[in-house]
Amino acid sequence: MRTLLVLLFFTPMALAKSNHFSCSNLKHNFTGSEIIEVKKQLANNDGAPVIPSKVTLAVSIGDLDYIKKHRSFEVLAEALEVTLSSDLSLFNDLLALLEDSDINKQGEGKPTLLMVAADCGQTQAVTKLLSLGADINQGIATSGINPLNQAVMNRNTVMVRHLLANGAACHRATLVNGKSVFDLAKNQGNKEVSLLLDRCLIK
């Protein structure tokens with residue numbers, strides 16, 4: 001059955017297409033008998049690895065009970081990443097399961113939830129996360145990537161404006177290679193973003 005499922009997951013009909021900037025849509029579209037097979041897979045507790053993961057499968061079919069049953073920061077972070085990459089249908093429900101102290105938690109070399117939301121162009125989710133105490137300037141120490149320079153690299157002017165309006169520090173968004181957000185915008189020839197950043201700098 002697992003072989004059948006793995007083949008099924010990567011058919012063009014089952015695999016959801018990316019509809020956001022640099023973030024790939026991780027949610028899968030299943031219908032009819034496919035959903036039945038996914039439910040069977042989620043109920044299988046033999047411990048064998050499944051691709052995609054059971055968390056991704058659960059979010060894809062809207063199985064919030066599976067997430068609750070296996071609740072941990074790692075599970076919730078993965079589930080939130082999947083929903084942020086797609087339609088936000090479970091976003092508020094998943095966020096309600098997250099401990100308040102985990103809003104800025106991240107694995108080594110991994111993005112924060114706010115970074116994922118910004119990368120996927122989810123301004124509404126960014127606003128919600130900020131209201132819950134997410135750090136708008138927190139990034140990945142090993143690369144220097146944070147929400148603002150990520151949005152600049154994605155050429156997402158709407159997100160750049162949204163982050164700056166909510167307190168993103170333009171002078172702190174420097175990559176480990178020394179490139180600032182100003183360098184990134186200039187190299188792209190993005191005059192609108194460059195103007196937004198210039199206004200930020202003189203504040």
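Before moving on, here are some points about what is shown:
- Taken over segment 38-63, the criterion of being charged (D, E, K, R) and assigned to a helix (DSSP H, G or I) is satisfied by 39, 40, 54.
- Filtered residues of segment 168-202 (kept if touching a Leu at 6+ places or on another chain (Cβ under 9 Å) and in a loop (DSSP other than H, G, I, E, B)): 168, 169, 173, 175, 190
- Tally, over segment 77-124, of residues that are among the aliphatic types (A, V, I, L, M) and closer than 18 Å to residue 152 by Cα: 6
- Of all residues in segment 183-200, those satisfying the criterion of being surrounded by fewer than 20 Cβ atoms within 10 Å (Cβ to Cβ), at negative phi and not aliphatic (A, V, I, L, M) are 183, 186, 187, 188, 190, 191, 192, 194, 198, 199.
- Scanning segment 79-98 for residues being assigned to a loop (DSSP other than H, G, I, E, B), touching a residue at least 40 places away in the same chain (Cβ under 8 Å) and not hydroxyl-bearing (Ser, Thr, Tyr) gives a total of 1.
- The lone exception for residue 37 - which of (1) modelled with pLDDT under 95; (2) under 30 Å from residue 161 (Cβ atoms) it fails: (2)
- Tally, over segment 64-78, of residues that are assigned to a helix (DSSP H, G or I), of a type outside the set (A, V, I, L, M) and over 17 Å from the mean Cα position of the chain (by Cα): 4
- Helices (runs of 4 or more DSSP H) enclosed by segment 99-167 - at least 2 residues per element that are out of contact with any strand residue (DSSP E or B) (no Cβ under 6 Å at 6 or more places or on another chain), surrounded by fewer than 20 Cβ atoms within 10 Å (Cβ to Cβ) and in the same structural domain as residue 186 (by TED's automatic domain parsing): 123-131, 157-165
- Hits in segment 82-98 - residues which are buried (at least 22 other Cβ atoms within 10 Å of the Cβ) and out of contact with any Ser or Thr (no Cβ under 9 Å at 6 or more places or on another chain): 84
- Qualifying residue in segment 62-70 (condition: exposed (fewer than 14 other Cβ atoms within 10 Å of the Cβ), outside the structural domain of residue 160 (by TED's automatic domain parsing) and within 22 Å of residue 159 (Cα to Cα)): no
The values are calculated or read from the model by the stated rules, or taken from the named source; none is laboratory data. Since the structure is predicted, the reported quantities are computational estimates derived from the model, not experimental observations. Neighbour counts run over all protein chains shown; Cβ positions are idealised from the backbone, glycine included.
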